[in-house]
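Below: one structure, written as structure tokens.
Laboratory data are not the source of any read-out in this text; all were calculated from the coordinates shown. If you're wondering where the values come from, they're calculated on a predicted model, not measured in any experiment. Note: ideal-geometry Cβ built from the backbone for every residue, glycine included; neighbour counts use all protein chains shown.
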Amino acid sequence: MNQTAPQNTDTPTKSDDLAGTWLTRPIPKVKPRAKVTLTAVETEPSTECPNCHAVITNTALIFNAYVCPHCDEHLIMSARTRLKWLFDDIDETLGGELVTGNPLDFVDSKPYPQRLREAQTKTGENEALLAMTGRVRDLALVACAFDFGFMGGSMGSVVGDRFVLAAQAAWQRRIPLVCFAASGGARMQEGLLSLMQMARTAAAIERLKQVQVPYLVVLTNPVYGGVTASLAMLGDIQLAEPKAMIGFAGKRVIEQTVREVLDEPFQRAEFLAEHGVIDQVVHRHQLKDTIYRLLSKLTFYQTLPNHPV
């Protein structure tokens with residue numbers, strides 16, 4: 001009887017060879033990628049355009065005077081940025097030492113002093129109006145600018161004080177006064193004291209007119225309430241930036257009062273210019289040259305003999 005020889009189970013098969021090769025083959029080291037460094041564009045703070053929603057680096061925004069390079073939207077500028085952009089040389093700041101108090105001990109959802117501290121932290125300013133003297137080319141002038149980021153650019157007693165100081169400086173030196181208005185109106189936390197600033201600022205402007213010192217207003221977005229009803233609409237020349245919203249009450253409040261749906265652009269700068277409320281709408285890139293040209297013409301009489309001032 002023939003017996004079959006037992007098979008050698010130790011003989012490696014093809015699959016065994018493949019498995020062994022896979023398990024025993026050394027894995028090559030993965031070369032590390034080159035270290036990726038973030039570029040300036042990726043790390044620099046950026047701002048989103050409220051109109052076209054394009055993301056713009058802050059450097060590009062500053063270089064373009066806070067005008068969107070994609071859709072030409074005029075973004076809000078801080079007061080300090082605005083005046084640094086206007087002046088070629090700055091001489092002094094007016095009323096910077098004035099500090100806002102809390103005469104009414106006003107409290108709404110937050111105490112008034114807390115709101116002031118939060119606004120100061122947010123903007124780096126201690127009030128909603130900044131006033132300076134300086135030069136635009138060869139023209140000396142006084143300029144003040146509202147900071148809308150500071151409690152909506154609302155006008156309280158210190159804002160009124162600083163504007164009056166600016167008007168007094170222009171009156172004493174017989175040089176023009178320029179105001180960049182951007183405000184939601186009177187500051188409710190100061191009650192009647194805030195409303196009194198409308199009369200004070202109007203009186204200071206009237207004093208300038210009596211000695212023929214030019215007062216030029218630039219209406220930026222937005223201007224409402226008591227500021228519109230006083231210093232913002234009393235200029236010898238009224239300029240505005242494109243698409244600036246200008247009015248006393250807001251569109252919604254007016255519609256609720258008259259019970260009618262109003263046309264969308266009736267408070268836009270372009271609409272007001274078409275109807276003679278303001279003199280001209282000027283692009284921000286041309287604004288400095290326009291201010292210089294107009295004020296140079298208005299102050300030309302001072303170079304003539306026997307001028308009335």
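Things to note:
- Packing-based exposure ordering (other Cβ within 10 Å, fewest first) of Ser230, Ser46, Ser109: Ser109, Ser46, Ser230
- Charges were assigned to the Cβ only: +1 to each Lys and Arg, -1 to each Asp and Glu. The resulting dipole of segment 76-303 about its Cα centre is roughly 200 debye.
- Residues in segment 165-195 reached by a label modelled at Asp88 [backbone nitrogen below 19 Å; 7 Å Cα→Cβ]: 175-178
- Per-pair calculated FRET efficiency, R0 = 35 Å: Ala203 and Asn102 via Cβ, rounded to 0.05: 0.85
- Label-point separation in nm, His70 to Thr57, each point 7 Å along Cα→Cβ: 1.6 nm
- Across segment 243-290, Cα pairs under 8 Å and at least six residues apart give a relative contact order of 32 percent.
- When you count the other C-beta atoms within 10 angstrom of each residue and take the mean per peptide, 279-292, 123-136 line up highest first as 123-136, 279-292.
- In a fully extended conformation the segment linking Leu193 and Glu264 would gain 22.2 nm over its present Cα-Cα distance, using 0.36 nm per residue.
- Label point at Phe300 placed 7 Å out along Cα→Cβ; residues across segment 175-194 whose backbone nitrogen lies under 20 Å: 175-177
- Residues Lys297, Lys84, sorted so that the one with the fewest Cβ neighbours within 10 Å comes first: Lys297, Lys84
- Protection proxy ranking, highest mean first, for peptides 87-98, 64-75: 64-75, 87-98, where packing is the per-residue count of other beta-carbon atoms within 10 Å, averaged.
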